[in-house]
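S.K.: Below: one structure in structure tokens.
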Amino acid sequence: MEKRSTKASSNDPKHKHDPDDEDFYLNNDDDEYDDDEDDDNDYDDYMDDTDDLEYTSSNASKYDPTPSVEIFTSQNSTVTPNSSYASTSLKNLSQSTTNQPDLSKSLTKRNIELDEEFKYEVLSPDKIVQYMTECIADVNSVLELTPTITRTLLHHFKWDKEKLMERFYDGDQDRLFREAHIVSPFRPNTYKRTTSSQSTRSSRLKEFCCEICFMQYTEDNMSGLECGHKFCKPCWREYLTTKIMDEGMGQTISCAAHKCDILVDDTSVMTLLQDPIVKIKYQHLITNSFVECNRLMRWCPAPNCSNAIKAQYFDAQPVKCDCGHVFCFSCGELWHDPVKCKWLKKWIKKCDDDSETSNWIAANTKECPKCQVTIEKNGGCNHMICKNQACRSEFCWVCLGPWEPHGSSWYNCNRFNEDDAKKARDAQEKSRHALQRYLHYCNRYMNHHQSLKLEQKLTASIREKMEEMQQHNMSWIEVQFLRKAVEVLCQCRQTLMYTYAFAFYLKRNNHSIIFEDNQADLEIAVEKLSGYLEREITSDNAVETKQKVQDKYRYCEQRRKVLLDHVHEGYDKDYWEYQEDL
Amino acid sequence: MSNLLPTRILKETQRLMQEPVPGISATPDESNAKYFHVMILGPSESPYEGGAFKLELFLPEEYPMAPPKVRFMTKIYHPNIDKLGRICLDILKDKWSPALQIRTVLLSIQALLSAPNPDDPLDNQVANQWKVNEAEAIKTAKEWTKKYAIDSN
Ligand SMILES: [Zn+2]
Ligand SMILES: [Zn+2]
Ligand SMILES: [Zn+2]
Ligand SMILES: [Zn+2]
Ligand SMILES: [Zn+2]
Ligand SMILES: [Zn+2]
């Protein structure tokens, strides 16, 4: 079963009914379902065709808040799958018992310099629907199809209007509709014609057998898509509910008939469904696929935030949501300059992966041949003495035989120089070296990660100090340098943290040496600044302290800029060589 | 859950008994009307010819919105059927449609015996053998049929 991420809009505010949206109303032959003019919910402008007065998003949350909660949960686990880079495997190694969501919370208000050139917009849930509606209307002003067909076509082209237009006018239209799993609205539909000619009074009384439940129904109670496959309404309802609720399908539900891949349109879904909870879930799934398919949109990954960012072009740039969260538009992680999205992704995956550590354990530990206690080899000597005090048996690491016949020196093992023994030794060394290198970067990465998490605590203690200093003849404006210092500190830590993900994959060359110097420089400066803020702020030497702190954070800022500029220059001029392929 | 069987299942069962498909039999269990004892005869001109294969078929609570669960009870050498008798067939998974029936599912399984599909394997080892040396694979399938689906019955 496929779990799809969904995004909830728990608080869709009502908005004025826009008369221009009138075009957008989907037409349904079924006169049983009238447009509900009073219903001015965004979704209904879009989904239309429901006379179910109970149904508006706001009513529905009163009706039963559970689905939104459930949707939120699934959104958090799927939209931000990588946010837990405090991997369990690392917890053991670096003693960090971290909890990622705390970090993203503490980092939300960070002022990261945003590129003025990179234009983007923050869309609230209702704005997202409005924007989707506009996109459809925009295309429809040219194509003049029904909105639901246009939406399906747009979805097929990942909401790239130009591509759709191009294919629509330049290509084989029949093929286009076939590929998008829509019945071409331009092809005379033989089935439709027969049914409409059948729709006489006499045929209305005729009974049809539903192929799903095997029950007899009059034509009024049968329903189907453009493809002509008809089933009874209760069966459709159950089918759609299973797809939406159990399988999380929205955009991609196809006709219930075997081998029919025609997609179910919004009109049919909204007309056939009755349960408002299912309807809302469907709408969320549709909005979600709109955002997720759209290259120029991304959900804000902050927990409990249901905004999305809409950019003018696709790029790895920092964006700031209205909730305050700053993240990379391209990958959704925290803004991670200087490391590139792809390398960061690889790094996070590596950190999440246990195998690195287990390989090392496999290569560096053996069981005592006598009592089976796991023994780690931590020196060059092969003369092993079991650490189990009750056992204390002595054996040879290489052949695992008892030590006694080996004599007093390790090289007496007659197997030691055999090829396979040598290979085993080399492999052990290699794996140990690789792991130590990894741990070097990882520990530093985690260390900054950990420190960043303490930001809130630091901010609180600094606030106290600021108040204290104000009581000692300093004005409010004069103590603001402390606030600035904390901000710079955190900004630098975030940069440093990601420099370790960058450096891990870097091959050594002259530029990587310069980079490492810059990194070391910034690291030392940052630790000094951190030390000042934690210890040396007292009201006694306020003026002197202020000077010292200001000098230090300015230096940090400057070093950070130098480091980043150098890495960016390297990207432009191809300085960087990597240890492995992406 | 009501003890009353849905009309659909009742009618399907009735039809299966009254108009059986050649080479296929499906009988509901005496104590559980949603559990069927199935027998499929190996199609002629296939390595399974002459064999009688036992299967079990169970209709889950969600049926017909969810597909029936089907499994071979008789050992069979086939690239799309694994050691446990599980069947790799699209209509039993994502291509399931509520308009399909027990009858159509069993017919599809019978067709799968006539046309093994080593490109969509469930048992990699068997599928590989099928690709590398089809003659040998067919020979093995015939041997297994003789050993498990003919003699033991
Ligand atoms: Zn029905
Ligand atoms: Zn159809
Ligand atoms: Zn947000
Ligand atoms: Zn990124
Ligand atoms: Zn021991
Ligand atoms: Zn030895």
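S.K.: Which pairs have Cβ atoms under 7 Å, sit 6 or more apart or on different chains, and link a residue in the range A:324-336 that is touching a residue at least 60 places away in the same chain (Cβ under 8 Å) and away from ligand 2 (no atom under 16 Å from the Cβ) to one that is of a type in the set (K, R) and open to solvent by less than 20 Å² (accessible area, probe 1.4 Å)?
M.R.: Sorted first by the residue in the range A:324-336, then by its partner, the pairs are A:V326/A:R110.
Table: residues versus (1) modelled with pLDDT under 90; (2) within 14 Å of chain B (Cβ to nearest Cβ); (3) part of a helix (DSSP H, G or I).
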position	(1), (2), (3)
A:R187	yes, no, no
A:T194	yes, no, yes
A:R204	yes, no, yes
A:F231	no, yes, no
A:Y239	no, yes, yes
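S.K.: Can we say A:C399 is at pLDDT below 90, crowded, with 16+ Cβ neighbours inside 10 Å and assigned to a loop (DSSP other than H, G, I, E, B)?
M.R.: yes
S.K.: Restricting to the range A:241-271, what's the tally of residues that are within 15 Å of ligand 2 (Cβ to nearest atom) and surrounded by fewer than 19 Cβ atoms within 10 Å (Cβ to Cβ)?
M.R.: So the answer is 6.
S.K.: Just checking, does the range A:466-485 include any residue being under 30 Å from A:L582 (Cβ atoms), part of a helix (DSSP H, G or I) and open to solvent by less than 20 Å² (accessible area, probe 1.4 Å)?
M.R.: no
S.K.: Given the condition within 14 Å of chain A (Cβ to nearest Cβ), touching a residue at least 40 places away in the same chain (Cβ under 8 Å) and not small (G, A, S), answer yes or no: does some residue in the range B:105-113 qualify?
M.R.: Scanning the range B:105-113 turns up at least one residue that is within 14 Å of chain A (Cβ to nearest Cβ), touching a residue at least 40 places away in the same chain (Cβ under 8 Å) and not small (G, A, S).
S.K.: Further question on the same structure: For the range A:237-267, enumerate the residues that are touching a helix residue (DSSP H, G or I) at 6+ places or on another chain (Cβ under 8 Å) and small (G, A, S).
M.R.: The answer is A:G248, A:G250, A:A256.
S.K.: Would the range A:277-297 turn up any residue that is within 30 Å of B:T104 (Cβ to Cβ), part of a loop (DSSP other than H, G, I, E, B) and charged (D, E, K, R)?
M.R.: No, the range A:277-297 has no match at all.
S.K.: Scan the range A:318-332 and tell me whether some residue there is open to solvent by 20 Å² or more (accessible area, probe 1.4 Å), more than 20 Å from the chain's Cα centre (by Cα) and either within 14 Å of chain B (Cβ to nearest Cβ) or hydrophobic (A, V, I, L, M, F, W, C) (or both).
M.R.: Scanning the range A:318-332, I find no residue that is open to solvent by 20 Å² or more (accessible area, probe 1.4 Å), more than 20 Å from the chain's Cα centre (by Cα) and either within 14 Å of chain B (Cβ to nearest Cβ) or hydrophobic (A, V, I, L, M, F, W, C) (or both), so the answer is no.
S.K.: Checking the structure you have, find out if any residue of the range A:250-264 is within 24 Å of B:S97 (Cβ to Cβ), within 14 Å of chain B (Cβ to nearest Cβ), among the charged types (D, E, K, R) and touching a strand residue (DSSP E or B) at 6+ places or on another chain (Cβ under 6 Å).
M.R.: Yes, the range A:250-264 contains at least one residue that is within 24 Å of B:S97 (Cβ to Cβ), within 14 Å of chain B (Cβ to nearest Cβ), among the charged types (D, E, K, R) and touching a strand residue (DSSP E or B) at 6+ places or on another chain (Cβ under 6 Å).
The values are calculated or read from the model by the stated rules, or taken from the named source; none is laboratory data. What you see is a predicted model; the values in this text were computed from it and never measured. Glycine also receives a Cβ, built like all others from the backbone with ideal geometry; neighbour counts cover every protein chain displayed. Just the protein is used for accessible areas: all its heavy atoms, side chains included, with ligands, DNA and RNA removed. Shrake-Rupley method; radii C 1.70, N 1.55, O 1.52, S 1.80 Å.
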